[in-house]
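Every read-out reported here was derived from the displayed coordinates using simple, explicitly stated rules and does not represent laboratory data. Just so we're clear, the structure is a prediction, and the values are computed from it rather than from any experiment. We place every Cβ from the backbone using ideal geometry, glycine too, and count neighbours over all the protein chains shown.
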Amino acid sequence: MRTYFKANFLFLKEILTHPRAIGAAFPSSKYLARAMVAHIPKLGTGYVVELGPGTGAITKQILRSGIDSKRLIVVEISPRLVKHLKEKFPDVNIVEGNAENLDTLLGDKIANVDCIVSSLPLKSLPKSTVKNIISKIDKVLSIGGVYIQFTYGVFFQKKVLSSKMQHIFSKIVWWNFPPAAVNVAKKILF
Ligand SMILES: C[S@@+](CC[C@H](N)C(=O)[O-])C[C@H]1O[C@@H](n2cnc3c(N)ncnc32)[C@H](O)[C@@H]1O
């Protein structure tokens, strides 16, 4: 219970200081987290990279779904949230950094990325930032790899995806505030 309030308090602090980077009023619900995690390839050996984990609601479900903590790499830009995540998930590789630099942040792990799970607020980040992030996702994801993204509002702008990605799934999660759309794409071309 204490962790729950701490996470919400931290989230509130971040909204007040970095509203565009947070782009949400509340942490993700467990229903949204489960809907995201359902699309992670569970049997692979490659890395699962989570972008913008915030307070860790989705990180927690990723681990609960059976993904080994050694397979998980989490990238968060806020130093305050990174500190919180490191306390909450001591076994997970938590990287403080900007997803725009995803390739350099991953180093040699770049060669083996099976899945990207993103809570990045694509609708509130500047367009140029979104463009950079999408091109890095394109670059690091293996062929056949899966990109899972939620956005608030029920419409996902498929046009953010490049021609290297094929949109394969869409679902609205109503049990989240506000309701969110989960979208999944597969990398089909180098
Ligand atoms: C919608 S919130 C995440 C909500 C999260 N699922 C939760 O339940 O707490 C978006 C997160 O993306 C992070 N973020 C925003 N821009 C980023 C960037 N360029 N690189 C990495 N993280 C970023 C924010 O700091 C924030 O933690």
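A few remarks follow.
- Computed from the Cβ-Cβ distance with R0 of 45 Å, the FRET efficiency linking K83 to I188 stands at 0.75.
- Ellipticity estimate at 222 nm from DSSP helix runs (n ≥ 4, -39,500 (n - 2.57)) divided over the chain, nearest 500: -10000 deg cm²/dmol
- Subtracting the Cα-Cα distance of L16 and I143 from their residue separation scaled by 0.36 nm leaves 41.8 nm.
- A Förster distance of 41 Å, applied to the separation of the beta-carbon atoms of Y31 and K109, puts the FRET efficiency at 0.85.
- Cβ-defined net charge surrounding I168, 12 Å radius [Lys, Arg +1; Asp, Glu -1]: +4
- Cut-off 14 Å between beta-carbons: net charge of the residues surrounding G153, Lys and Arg +1, Asp and Glu -1: +3
- The antiparallel fraction among DSSP beta bridges confined to region 2-187 stands at about 45%.
- Whole-Å distance, taken between Cα centres, linking region 132-179 and region 92-118: 17
- Intensity falloff of the chain expressed as log10 I(q)/I(0), Debye formula with alpha-carbon point scatterers, at q = 0.08, 0.09, 0.14, 0.19 Å⁻¹: -0.22, -0.28, -0.71, -1.48
- When each of the peptides 116-127, 11-22 is scored by how many other beta carbons lie within 10 Å of its residues on average, the order from highest to lowest is 116-127, 11-22.
- Working note: Karplus 6.51/-1.76/1.60 with θ = phi - 60° gives region 175-190 the couplings 7, 7, 10, x, x, 10, 9, 9, 10, 10, 10, 10, 7, 10, 9, 6 Hz, where Gly and Pro are set to x.
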